[in-house]
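The values are calculated or read from the model by the stated rules, or taken from the named source; none is laboratory data. Only a predicted model underlies this, so the values are computations on that prediction, with no experimental measurement involved. So basically every Cβ, Gly included, is an ideal-geometry build from the backbone, and we count neighbours across all protein chains shown.
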Amino acid sequence: MVTTALEFITDAAGNAMEATGEVAGAVAEVAGEIVSEIISNN
């Protein structure tokens, strides 16, 4: 049971990190587009 709990926690942590990475990537993409637009407008 201890092993199962540890595996579950490890999996959950891994999934959370993946999701966070995806969100961060999306935010970075949008931020990059906004910066590009600002630069091209000036």
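Taking the conditions exactly as written (at pLDDT 95 or above and in a helix (DSSP H, G or I)), does Glu7 satisfy them or not?
It is false that Glu7 is at pLDDT 95 or above and in a helix (DSSP H, G or I).
Taking Glu18, is it surrounded by 10 or more Cβ atoms within 10 Å (Cβ to Cβ), charged (D, E, K, R), under 14 Å from the mean Cα position of the chain (by Cα) and assigned to a helix (DSSP H, G or I)? Steps first, please.
Values: surrounded by 10 or more Cβ atoms within 10 Å (Cβ to Cβ): yes; charged (D, E, K, R): yes; under 14 Å from the mean Cα position of the chain (by Cα): yes; assigned to a helix (DSSP H, G or I): yes.
Yes, satisfied.
Failed condition for Glu33, given (1) at pLDDT 95 or above; (2) charged (D, E, K, R); (3) within 13 Å of the chain's Cα centre (by Cα), with all others met?
Failing condition for Glu33: (3).
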